[in-house]
1. Determine which single condition residue 205 fails, assuming it passes every other condition in (1) surrounded by 14 or more Cβ atoms within 10 Å (Cβ to Cβ); (2) closer than 24 Å to residue 152 by Cα.
2. Do the conditions hold for residue 63, that is, is it within 21 Å of the chain's Cα centre (by Cα), surrounded by fewer than 15 Cβ atoms within 10 Å (Cβ to Cβ), in a helix (DSSP H, G or I) and in the same structural domain as residue 118 (by TED's automatic domain parsing)?
3. Taking the condition of being in a helix (DSSP H, G or I) and more than 19 Å from residue 259 (Cβ to Cβ), how many residues in the stretch 102-139 meet it?
4. Give 150, 130 a once-over and let me know the one that is touching a strand residue (DSSP E or B) at 6+ places or on another chain (Cβ under 6 Å) and assigned by TED's automatic domain parsing to the domain that holds residue 259.
5. If you scan the stretch 225-264, which residues turn out to be in contact with a helix residue (DSSP H, G or I) (Cβ under 6 Å, 6 or more places away or on another chain) and either under 19 Å from residue 131 (Cα atoms) or not in a strand (DSSP E or B) (or both)?
6. Taking only the stretch 149-171 into account, find how many residues are over 20 Å from the mean Cα position of the chain (by Cα) and either under 18 Å from residue 227 (Cα atoms) or touching a residue at least 12 places away in the same chain (Cβ under 8 Å) (or both).
7. Whether any residue in the stretch 10-20 is modelled with pLDDT under 95 and assigned to a helix (DSSP H, G or I) is what I want to check.
8. Checking the structure you have, find out if any residue of the stretch 149-167 is in contact with a helix residue (DSSP H, G or I) (Cβ under 7 Å, 6 or more places away or on another chain) and surrounded by fewer than 16 Cβ atoms within 10 Å (Cβ to Cβ).
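The values are calculated or read from the model by the stated rules, or taken from the named source; none is laboratory data. The structure presented is a predicted model; accordingly, all values stated were derived computationally and were not measured. Cβ sites come from the backbone with ideal geometry, for glycine too, and all protein chains shown count toward neighbours.
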């Protein structure tokens, strides 16, 4: 399978989930530009994940989250704007968005540009941001270094599936980092794995076979949605196949593969609602 370059989806008709997520995105920007962390916190769902260069920060509750406004202002920042917004994966209660943004000074001049990948979730009828992975100065990164990062991260995805299908827990530990976070499709449930013994990482293969007649898993439709030298965001679809060779589950997903201490592995994942193929 070829590794795809970062690309935007073609224009799609607006759906209710997409419209809800886009409206929440705009509310977040208004709150962000207010300079008031309390207003920003009102536009988030918790636990909230901020994905840094190659580590995750989980804000369990609103008081744990803060934008460093003093530092931003010292750099000349006065406000931010969206330059382009792309909608990626969409489900009834979860939407992925990719945003090109600019930071402006008080004179309205652009002082920095960047890209951020957001996941918005719907909980109790309200859309809000639950995950963000930003990259300020994305246009200044070395293209050869980014290409190598994508190849290495893609190799980690392939290694993951080979280890998973071999039921090799030791090999899987090599391509999983902790802490690791996930937002799964059952009511957008949040899971934080703080050790390799977490159920997020330690798969019960016998139980999977007993419950689902699972034989193996495969992936397709993989595309890069953001890349830095130490972190690559993939969207992909993985399938579960039973002993009769039938695909019985198809799950669109977001996987974020990061390099920590020279090793590429899973650091965040988000699953859309599973479907059974027609």
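1. Of everything listed in (1) surrounded by 14 or more Cβ atoms within 10 Å (Cβ to Cβ); (2) closer than 24 Å to residue 152 by Cα, residue 205 misses just condition (2).
2. Spelling it out, it is not the case that residue 63 is within 21 Å of the chain's Cα centre (by Cα), surrounded by fewer than 15 Cβ atoms within 10 Å (Cβ to Cβ), in a helix (DSSP H, G or I) and in the same structural domain as residue 118 (by TED's automatic domain parsing).
3. The qualifying residues number 1.
4. That would be 150, the only listed residue that is touching a strand residue (DSSP E or B) at 6+ places or on another chain (Cβ under 6 Å) and assigned by TED's automatic domain parsing to the domain that holds residue 259.
5. Residues satisfying the conditions are 227, 229, 232, 257.
6. Result for the stretch 149-171: 6.
7. There is at least one residue in the stretch 10-20 that is modelled with pLDDT under 95 and assigned to a helix (DSSP H, G or I).
8. yes
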